[in-house]
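The values are calculated or read from the model by the stated rules, or taken from the named source; none is laboratory data. For clarity, every value in this text was computed on a predicted model and none was experimentally measured. Cβ sites come from the backbone with ideal geometry, for glycine too, and all protein chains shown count toward neighbours. In case anyone asks, the SASA skips ligands and DNA or RNA and just uses the protein heavy atoms, side chains included. Shrake-Rupley method; radii C 1.70, N 1.55, O 1.52, S 1.80 Å.
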Amino acid sequence: MGWNDIGYHNNQVKSPTLDRLATEGVKLENYYAKSSCTPSRGELLTGRNAATTGLSAVFTHGDPVGMPLTEKLLPQRLKERGYATHMVGKWHLGHYTYKHTPTYRGFDSFYGIYGGGTDFYSHRSCFSIFPGVCGLDLWNGTVPDRAKYGVYATEIYSRVATDIIRHHNTNQTMAVPQNRALTTPPIGASRGLSGKVG
């Protein structure tokens, strides 16, 4: 989301719910993101500059790197305060051991991709340290989901997030970050929009 993509900065944009949240809450307007996914995501979940976590660059499948296990992440802190925590979408903070995956880092559930460069329909990634090696990168927790071949990733993520929200116990506060990876390679529109956006 860019600066002018919200109603309280641009009166041509209609975003009443976000405008109300901004009025009633705290506006974080003087913060900067990194130019790639891994450092930005790490900063969001730790509240620290990527240079201090060792994740200041993107890495590929097979790299023995990840968010240090000594870093306490936002979902871990939210769980301490009684939140239910679920993540849908792109993780890309390390997965070379199970302890580096989202459900071991404070999320009650995870559905999405562990790394980068994943195709939106086949859910395969060739973004690996091993040239020519490709593999499935679509996960339900730590179990690969082979049943969604040919289904657009954003449609899957929307359904999963909707199901989480529908089945949530409303007596408990919940956080469901969605990292949809729409702006990271390979970029792909849904088949219904292909050729219509210019």
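Values for this structure:
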quantity: The range 83-135: number of residues that are part of a loop (DSSP other than H, G, I, E, B) and within 20 Å of residue 44 (Cα to Cα); calculated: 14
quantity: Filtered residues of the range 10-31 (kept if surrounded by 15 or more Cβ atoms within 10 Å (Cβ to Cβ) and either on the phi > 0 side of the Ramachandran plot or not acidic (Asp, Glu) (or both)); calculated: 15, 18, 22
quantity: First in the range 158-181 and within 12 Å of residue 107 (Cβ to Cβ), second anywhere and among the β-branched types (Val, Ile, Thr) and in a loop (DSSP other than H, G, I, E, B), Cβ under 8 Å, 6 or more apart; calculated: 164/176
quantity: Hits in the range 127-136 (condition: more than 11 Å from residue 60 (Cβ to Cβ) and open to solvent by less than 40 Å² (accessible area, probe 1.4 Å)); calculated: 135
